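Every read-out reported here was derived from the displayed coordinates using simple, explicitly stated rules and does not represent laboratory data. Worth saying up front: this structure is predicted, and the values here are computed from it rather than measured. Quick reminder, even Gly has a Cβ in these numbers, built from the backbone with ideal geometry, and neighbours come from all protein chains shown.
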Amino acid sequence: MKYGGIFYKISSKLLLHILRNIYFAFVYRHILYGIEIYANTSSIQFKKLITLNNKLLRILPNKSYKFPVKDLYHNFDTLAIPELHIH
């Protein structure tokens with residue numbers, strides 16, 4: 001998870017809309033690609049992708065692990081990974 005450390009370092013220095021743009025530029029495109037691969041394999045691999053995305057979405061706005069995931073996706077104007085796979 002090379003982006004996790006980077007996001008921790010920049011999350012306190014940049015505005016949220018800039019962090020959102022960075023997420024969509026560097027992470028979201030990989031997630032869309034990963035959905036095609038991991039969603040059609042084992043559920044364990046797909047779960048890892050979901051967990052990683054949730055972690056990255058929590059790092060950017062400095063939210064705790066208890067912050068609701070639905071609110072994270074709503075704040076970033078995106079769908080949850082299982083919904084993206086269906087879409």
With +1 on the Cβ of every Lys and Arg and -1 on the Cβ of every Asp and Glu, the dipole magnitude of region 2-86 about its Cα centre, in debye rounded to the nearest 20, is 400
Over region 2-86, what relative contact order in percent results from Cα pairs under 8 Å that are six or more residues apart?
36
State the extension gain, in nm to one decimal, for the chain segment bounded by Lys70 and Glu83, taking 0.36 nm per residue of separation less the distance between their alpha-carbons.
3.5 nm
Value in Å of the Kirkwood radius, where the chain supplies the Cα pairs that are averaged
13.3
Listed by chain and number, the residues whose amide H is under 5 Å from that of Phe67, excluding neighbours fewer than 5 places away on the same chain and using placed H, are none
Keeping to pairs on different chains or 8 or more places apart, tell me how many lysine pairs in the chain have Cα atoms under 14 Å apart.
5
Provide the FRET efficiency to the nearest 0.05 for the Leu16-Glu36 pair, computing r from the beta carbons and using R0 = 25 Å.
0.30
